[in-house]
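Undergrad: Before I ask anything, here is the structure I am working with.
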Amino acid sequence: MASMFSAPKYTPPPEMGKANAAVDQRDARAEAQEQKELRKTAAQSRARRMGGRMLYSQDREIPALGTGVNVNPTQSYNRNPYETGRRN
């Protein structure tokens, strides 16, 4: 009589194993891609932090195009915007 009230035994279909394996592979690829992007982002931020200091360093051959003490000053011109003639 007890067998009449017990739940039937469940056996998963074999296709479910293949589907689970495919999902696991997809998750592994997504995780690898995410780690790659995180490493790339970390490298970029590290380059911004560390490389930015060298831009303004006087140790460079040409420091940051306009910053520094050995850069020639540029001459500014006061130009009338209503003049249409060409300047030489």
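Undergrad: Give just the number: which of (1) surrounded by 10 or more Cβ atoms within 10 Å (Cβ to Cβ); (2) at pLDDT 75 or above does PRO8 not satisfy?
TA: (1)
Undergrad: So ALA19 passes all but one of these: (1) modelled with pLDDT of 75 or more; (2) surrounded by 10 or more Cβ atoms within 10 Å (Cβ to Cβ); (3) not in a helix (DSSP H, G or I). Which condition number does it fail?
TA: (3)
The values are calculated or read from the model by the stated rules, or taken from the named source; none is laboratory data. Remember, it's a predicted structure, so these values are computed and weren't measured experimentally. Heads up, the Cβs are rebuilt from the backbone with ideal geometry, glycines too, and the neighbour counts pull from every protein chain shown.
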